[in-house]
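Heads up: the structure comes next, in structure tokens.
The values are calculated or read from the model by the stated rules, or taken from the named source; none is laboratory data. What you are looking at is a predicted structure, and each value in this text was computed from that prediction instead of being measured. So basically every Cβ, Gly included, is an ideal-geometry build from the backbone, and we count neighbours across all protein chains shown. In case anyone asks, the SASA skips ligands and DNA or RNA and just uses the protein heavy atoms, side chains included. Shrake-Rupley method; radii C 1.70, N 1.55, O 1.52, S 1.80 Å.
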Amino acid sequence: INIYKSSFDYYHYFVFCFVPHRIVSLCCEDVFDRLIYQIRLSDFISLKYLTIINLTIDNLELIFPKLNKLQQLIYLNLQTRLNLTNDKQIRFQNQSSSIQKCILNLNKQIIFRNNDHYPNLQYLTIDQCTIENLISFLHSYTPQLEQLTVTLIDSNILNEINHIHHLKSLIINTHSIPFQRLSNSVFPLFPHLHELNIHATGIDYTNGKNHL
């Protein structure tokens with residue numbers, strides 16, 4: 001269901017209230033406080049595909065605890081508004097272990113709590129995550145992850161860390177990390193990559209000799 005204000009009231013009064021447990025796919029926009037007062041996500045127990053766009057940070061924090069009740073969920077796509085001024089960091093934790101594809105375009109730094117396992121996660125898109133937090137999360141808690149798209153924030157990396165063998169495709173966006181830093185510290189962690197794309201700014205990225 002992908003609905004806007006003109007038809008939302010109909011679904012709310014005649015569908016959501018009676019058969020939320022039969023809905024398997026939902027796409028909605030965070031407007032008119034519908035995620036707080038009208039849609040009870042925890043009632044959608046059969047939901048497999050969920051997309052929410054135009055989220056506010058406050059509402060995002062309110063719905064996060066409800067998502068772990070969606071034990072059938074395999075696709076999660078959350079997108080916040082572009083003009084956010086809140087400086088909060090987003091903690092991604094206690095989500096359903098059934099998720100296979102996760103897209104988090106939240107326009108805020110994301111922090112993964114490193115004791116939540118996602119054994120079925122295969123595709124992950126995130127923005128504004130530090131190297132240190134991301135590597136630790138990938139290494140121990142996403143054993144099936146094959147494709148990662150990430151906007152990296154520079155940070156320290158532990159000197160002794162095992163290779164991450166399961167990742168096959170890596171797309172990196174960065175405006176702050178020098179090429180040599182990626183080349184020396186990040187790339188060696190993924191020895192079995194089949195695909196690598198970098199979207200970055202910096203004069204060292206234009207030097208073809210660095211890529212040899």
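For this structure, a couple of remarks:
- Approximating the spin labels as points 7 Å out from Cα along Cα→Cβ, the Q72-to-I198 distance works out to 4.4 nm.
- Radius 11 Å from Cβ of N105, net charge of other residues (Lys, Arg +1; Asp, Glu -1): +1
- Note on S176 and S97: their simple-model spin labels are 3.4 nm apart, each label 7 Å out from Cα toward Cβ.
- Straightening the chain between N184 and H117 buys 21.3 nm, computed as 0.36 nm per residue apart minus the Cα-Cα spacing.
- Solvent-accessible surface of region 116-199, averaged per residue with a 1.4 angstrom probe and all protein chains in place: 49 square angstrom.
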